[in-house]
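The values are calculated or read from the model by the stated rules, or taken from the named source; none is laboratory data. From a predicted model like this one, the values you see are computed outputs, not experimental measurements. Here the Cβ positions follow ideal geometry from the backbone for every residue, glycine too, while neighbour counts run over all protein chains shown. Ligands, DNA and RNA are stripped out before the accessible areas are found, and what is left, the full protein with its side chains, is counted by its heavy atoms. Shrake-Rupley method; radii C 1.70, N 1.55, O 1.52, S 1.80 Å.
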Amino acid sequence: MILAADIGGTTCKLGIFDASLKQVERWQIPTDTSREGSGILEAVHMSFKQKLEESGLGYGDCRGIGIGVPGPVDFSTGTVNGAINLNWRAPKKIKHEFERLSGITAVVDNDANLAALGEQAFGAGKGRGDIVMLTLGTGVGGGIIAGHHLVHGTHGSAGEIGHMKVAVGENFKCNCGGTGCLESVASTIGLKNLALKYSGDFESSVLKPHIEDGSLKAITVFKNAEDGDPLSLFLVDKMSFYLGLGTSSLAALTNPSQIIIGGGLSRAGDFLLGRVRAYFEEYAFPPAAEGTEIVPAELGNEAGIYGAAKIVSQYIDHE
Ligand SMILES: [Zn+2]
């Protein structure tokens, strides 16, 4: 058996997979972020222990566990350098702590990286060795897979696609402290930034009351863009332009067969992806872009546990 955990700020998604990576069970538990999230790993451990016992199994029947966390991970040591959503303010040795609790080997990675691996192995990129994934939500997450393996980099910061500098001219401040990041123009936060900056250029728009009282939602922008509201259309086009520009750079770097777009904003479907494709084709280095598809993700919020299971099979030797 292989265990998989995707630890998020609200819930921990947990799964059990067999040796051929077929999912046999999945469930979720709430994430308790009180006391600086000090009980989170223990709760995950206890939930697995109980679920295994219900099937007459134990940790001894498991090859290992893959764990995804929402923060920057040093892959070689399995240490996360803080995770705001989990209330983990200091570096936390996840691999070490979970191995001490369970007695099985743990492989730890960033949640967006594992979502990319899940989509590459079981979803929109199935069977392909080189893909890039972007997750468009509150922010922009990402993962890069080259030759079937995630690219981690020296300190685990590879694949932080949300912090590629594509929009320095807009001058929006990003959560990372920098400006010009893709996340500052191509996420829920990004749409709000763009709306505040450009709404004055439009005489009237159904979005204006939402912009003024701070209640603007991404779904409102997409819905009204589809209905032809000029400001909404402008915002979707601007976001698509930056996504097309960013993905064209990614194509020149890694020449992926597929660029997979997931996350809440990807529900806009071809209305968004079609525009991103058009800009991608305009800017991409032709030999790198040849045959590159821009496609929607397929596994939704289950991608993370699929990737967590996959990474165990890649990094823990078969017994
Ligand atoms: Zn940034």
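The set of residues from the stretch 116-144 being free of Cβ contacts under 8 Å to residues at least 40 places away in the same chain and within 15 Å of the ligand (Cβ to nearest atom) comprises just one member, 142.
Sort through 200, 147 and tell me the only one that's away from the ligand (no atom under 16 Å from the Cβ), among the small types (Gly, Ala, Ser) and more than 30 Å from residue 315 (Cα to Cα). Before the answer, list the steps.
Details: 147 fails: more than 30 Å from residue 315 (Cα to Cα).
Sole residue among the options that is away from the ligand (no atom under 16 Å from the Cβ), among the small types (Gly, Ala, Ser) and more than 30 Å from residue 315 (Cα to Cα): 200.
Looking at the stretch 165-192 only, could you name the residues that are buried (at least 24 other Cβ atoms within 10 Å of the Cβ), more than 8 Å from the ligand (Cβ to nearest atom) and either more than 17 Å from residue 248 (Cα to Cα) or among the small types (Gly, Ala, Ser) (or both)? Answer for the stretch 165-192, where residues must be buried (at least 24 other Cβ atoms within 10 Å of the Cβ), more than 8 Å from the ligand (Cβ to nearest atom) and either more than 17 Å from residue 248 (Cα to Cα) or among the small types (Gly, Ala, Ser) (or both): 167, 186, 187, 190, 191. Restricting attention to the stretch 184-217, the residues being polar (S, T, N, Q), assigned to a loop (DSSP other than H, G, I, E, B) and within 14 Å of residue 170 (Cβ to Cβ) number 1.
Taking the criterion of being buried (at least 24 other Cβ atoms within 10 Å of the Cβ) and over 13 Å from residue 256 (Cβ atoms), the residues of the stretch 131-149 that qualify are 135, 136, 140, 141.
For the stretch 150-163, the set of residues classified as crowded, with 22+ Cβ neighbours inside 10 Å, over 24 Å from residue 211 (Cα atoms) and near the ligand (Cβ under 9 Å from one of its atoms) consists of 160 only. Evaluated against (1) assigned by TED's automatic domain parsing to the domain that holds residue 232; (2) of a type outside the set (S, T, N, Q); (3) under 30 Å from residue 94 (Cβ atoms); (4) open to solvent by less than 50 Å² (accessible area, probe 1.4 Å), residue 253 falls short on exactly one condition, (4).
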